Amino acid sequence: MNSTAETVLVTGFPHALTSRTIELLSADTAVQIILLARNKDRRQAQALAKRLNKKASVITGDLGKIDFGLSGDEYFRLADQLTGIIHLEPPAAPGHGTTIGKARSASRELIELGLAAERLAHMIVLSHVDVAGFSSGPFTEHDLDQDQHACGPAGEDRFRAERIFNRFYDRLPITVIRTGWLVGQGIGLCPLVHLMLSAEELNALSIKHPHTPFYLSPVGAVAEVVAKLLVLPPTTGLRTLHLLPSPPASTGELFDQLHQMANELLPEGFHLAAGARRTLRRVDPHQGWSVKDFFKQQPHKAHLETTMSEQFFGQHEMSLPRIDRDDLKKLVVQAVESIIGFKQ
């Protein structure tokens, strides 16, 4: 990476996307990272900063509080330093009601910080495909100004947060990146394989439209895109990027692929669905990954176009994140190992 001197605030810790993005940014000697962490995550954040050889510092704050809970002096000192803000707060699970409203609160606080940061050149914001809700046809930025039939409370919260950012496009250098469900290894990622394997048949998942696209985004590839966006001129390219596979697999196709891969790895007679449900409850008891809510609240009519994003990536020698059969196989192997290990 080659950039001029940058001081960047990064949110979303301890999510895997935040950690990987920070590690990539730390390779640039011209980037100083300020990591926002809640008090309960402070020690873990400081340990990460220490590993990066003083390339990162930690401030303790909360996106849900006014001025992140900082004192006036701390807040304006932070604003004076910043040339970039990377907001990577991960999408909440569809069934996680306790997070509702937090995306909107965070967007307002980040807008205020951006306006106070006179040297700000980039504000990169993570969003999600479920902002499209149950709208039909191509989803465009004009749809943010319309009322949508949301997929669920979490999706509506993200939609309204994105609408807030959209109103400040003329005043702040905002780039919104929409991903599918983030998958891979690490904290806070979508346990997609466990969710899919929790049912023996597709119709048991209450999926009304099995032939509609199901969007996945590999966390490592998304982190690479975020890090590269930081070095582009602030006026370059699109305001919204879709980091989605093209063409995506349908829900039914993905269900069949994951089950086939998993059954090839399991001992004969193993009850896969029961094992997946038990493991899901054990490894993620508080995040709200409900099988019923997850599949019920997926967008199934909207189409998110990737053509303009592909053109943008081609112009800047970047690659659109993709997920192939080998990537899926790795996810299945990890899930099966956790399912068998838990049973033993």
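State whether one or more residues within segment 297-311 are more than 23 Å from the chain's Cα centre (by Cα), modelled with pLDDT of 80 or more and either among the aliphatic types (A, V, I, L, M) or assigned to a loop (DSSP other than H, G, I, E, B) (or both).
No - not one qualifying residue is present in segment 297-311.
Kindly list, by first and then second residue, each pair from a residue in segment 310-328 that is among the hydroxyl-bearing types (Ser, Thr, Tyr) to a residue that is not in a loop (DSSP other than H, G, I, E, B), limited to pairs with Cβ atoms under 7 Å and residues at least 6 apart or on different chains.
From residues that are among the hydroxyl-bearing types (Ser, Thr, Tyr), the pairs are SER319/PHE313.
Go through segment 233-243 and count every residue that is of a type outside the set (S, T, N, Q) and either at pLDDT below 85 or surrounded by fewer than 17 Cβ atoms within 10 Å (Cβ to Cβ) (or both).
Total satisfying the criteria: 5.
May I ask you to list pairs of residues, at least six apart or on different chains, whose Cβ atoms are under 9 Å apart, with the first in segment 49-63 being closer than 21 Å to SER105 by Cα and the second being among the hydrophobic types (A, V, I, L, M, F, W, C) and assigned to a loop (DSSP other than H, G, I, E, B)?
ILE59/LEU70; THR60/LEU70; GLY61/LEU70
Residues checked against (1) surrounded by 21 or more Cβ atoms within 10 Å (Cβ to Cβ); (2) within 16 Å of GLU224 (Cα to Cα); (3) among the hydroxyl-bearing types (Ser, Thr, Tyr); (4) modelled with pLDDT of 95 or more:
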site: GLU23; (1), (2), (3), (4): no, yes, no, no
site: ILE34; (1), (2), (3), (4): no, no, no, yes
site: GLN46; (1), (2), (3), (4): no, no, no, no
site: LYS54; (1), (2), (3), (4): no, no, no, no
site: SER57; (1), (2), (3), (4): no, no, yes, no
site: GLY64; (1), (2), (3), (4): no, no, no, no
site: LEU78; (1), (2), (3), (4): yes, no, no, yes
site: LEU82; (1), (2), (3), (4): yes, no, no, yes
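Please verify whether segment 82-93 includes one or more residues that are aliphatic (A, V, I, L, M) and assigned to a helix (DSSP H, G or I).
no
Could you grab the pairs with beta carbons closer than 6 Å, sequence gap of 6+ or different chains, first residue in segment 224-251 and within 26 Å of PHE295 (Cα to Cα), second one at pLDDT below 80 and hydrophobic (A, V, I, L, M, F, W, C)?
Hits for this filter: HIS242/LEU304; THR251/ILE207.
Considering only segment 49-67, I want to know if a residue exists there that is out of contact with any helix residue (DSSP H, G or I) (no Cβ under 6 Å at 6 or more places or on another chain), within 19 Å of GLY188 (Cβ to Cβ) and assigned to a strand (DSSP E or B).
no
The values are calculated or read from the model by the stated rules, or taken from the named source; none is laboratory data. Treat the numbers as computed from the prediction; the structure is a model and nothing was measured. Neighbour counts run over all protein chains shown; Cβ positions are idealised from the backbone, glycine included.
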